[in-house]
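In what follows, a structure is listed as structure tokens, so that the remarks can point back to it.
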Amino acid sequence: MFGLLPLAAVVAAAIAVPFGLVALRVRRHTFVVITIAFFFIFQLMAFNFSFTGGTSGIVAPILNWDGATYNNPFYYGALLLAAAAIAVSWLIRRSRFGLQLRAIRDDEDRARGLGVPALRVKLSALVVSAFITGLAGGLWYYFLAAVQPRSAFDPLFDLSLALMGFFGGLGTVLGPALGALILEPPSCG
């Protein structure tokens, strides 16, 4: 069942490349405007294209799992994905690539002056992020047993993802995970 998750990740990473080439050439307010425009373009495409199921969305294949333990594979899959994402983040932070990303964050013009290929580094970070997000989205699709454009392109959900980073601490490895726990505390029961 989870065999299609790598395909979801590869598709997400492939889609990130052309849009990243456009959006990552600009900075600050223009970047925000372009990413919001992309959001609404994708939202319109999801509502109007037949391969997305239009407003009805796409129904996932039925999983013939035991009802008592139905959620367990999703729980462990999400836990594994979260641990892998944190590990990738930690490895990137300790690498030359991570040093280049921090240099760009601090002062992109100075980083370019020191020989950091800013667009290539930012695009690589976007592709890695899209890959992980594609895995999570594929897992979520199977868990919900369907995906609909109004839930897949919900501005409040996107805002909550950004808030997780802010609440947990920007520029940290465990910050987004901590922010997720602050924003969505685990339920007991």
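The values are calculated or read from the model by the stated rules, or taken from the named source; none is laboratory data. Keep in mind that what you see is a predicted model, and the values were worked out from it rather than measured. Quick note on the areas: whole protein, heavy atoms, side chains included, nothing else; ligands and nucleic acids left out. Shrake-Rupley method; radii C 1.70, N 1.55, O 1.52, S 1.80 Å.
Under 5 Å from the amide H of G57 lies no amide H of any residue 5 or more positions distant or on a separate chain, with H modelled from the backbone and absent for Pro and chain starts. At the residue level, F97 shows approximately 50 square angstrom of accessible surface with a 1.4 angstrom probe and all protein chains present. Its DSSP H runs of at least 4 residues, each contributing -39,500 (n - 2.57), put the calculated 222 nm mean residue ellipticity of the chain at -23000 deg cm²/dmol, to the nearest 500. Each residue of segment 95-111 is assigned a 3J(HN,Hα), and the resulting list reads 9, 4, 4, x, 5, 5, 5, 5, 5, 5, 4, 6, 6, 5, 5, 5, 4 Hz, derived from the Karplus form 6.51 cos²θ - 1.76 cosθ + 1.60 (θ = phi - 60°), x at Gly and Pro. To the nearest 10, the accessible area of V88 is 60 Å² with a 1.4 Å probe.
Heavy-atom accessible area for T69, with the other protein chains in place and a 1.4 Å probe, reaches approximately 60 Å².
List the relative contact order of segment 43-156 as a percent without decimals, with contacts defined as Cα pairs under 8 Å and 6+ residues apart.
Once normalised by length, the contact order is 45 percent.
For A146, the residues 5 or more places off, or on other chains, whose built amide H falls under 5 Å of its own are A60.
Any idea what % of Cα-Cα pairs in the chain are farther than 22 Å? Tail of the P(r) past 22 Å holds 55 percent of the pairs.
Output ³J(HN,Hα) for segment 150-164: one whole-Hz value per residue in order, computed from phi by the Karplus curve 6.51 cos²θ - 1.76 cosθ + 1.60 with θ = phi - 60°, and x for Gly and Pro. Once rounded to whole Hz, the list reads 5, 8, 6, 10, 9, x, 5, 5, 4, 5, 5, 5, 5, 5, 4. The alpha carbon centroids of segment 29-52 and segment 86-103 are separated by 29 Å.
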